[in-house]
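*Asks:* The structure that follows is given in the form of structure tokens.
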Amino acid sequence: MIEIPHQALSDDALWGVIDEYITRESGVMDGTLESKRTEILRQLEEGRATITYDSKLGSTQLIARNGPER
């Protein structure tokens, strides 16, 4: 897997990855879509989440990290 810096993605691609993560992992039941987007973007900026690309599967995913970035 290849780690993709979130800053390397276009805005449309970044929001697409974030929105897919929100609907897959938590839905929008416990907050608004906008508040969830803001929360996940903050996690990416702080290194508490990362975006990866798997070339074998041809898929991109957002992964929450456990603990601080090293």
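The values are calculated or read from the model by the stated rules, or taken from the named source; none is laboratory data. Everything quoted here is computed from the prediction, not taken from an experiment. Counting neighbours? That spans all protein chains shown, and the Cβs are built from the backbone with ideal geometry, glycine included.
*Asks:* So which of 52, 23, 38 ends up being touching a strand residue (DSSP E or B) at 6+ places or on another chain (Cβ under 9 Å) and either at pLDDT below 95 or not in a loop (DSSP other than H, G, I, E, B) (or both)?
*Replies:* Working: 23 fails: touching a strand residue (DSSP E or B) at 6+ places or on another chain (Cβ under 9 Å); 38 fails: touching a strand residue (DSSP E or B) at 6+ places or on another chain (Cβ under 9 Å).
Only one candidate passes the filter, namely 52.
*Asks:* Restricting the search to segment 4-60, which residues are exposed (fewer than 10 other Cβ atoms within 10 Å of the Cβ) and charged (D, E, K, R)?
*Replies:* Correct list: 11, 12, 30, 34, 56.
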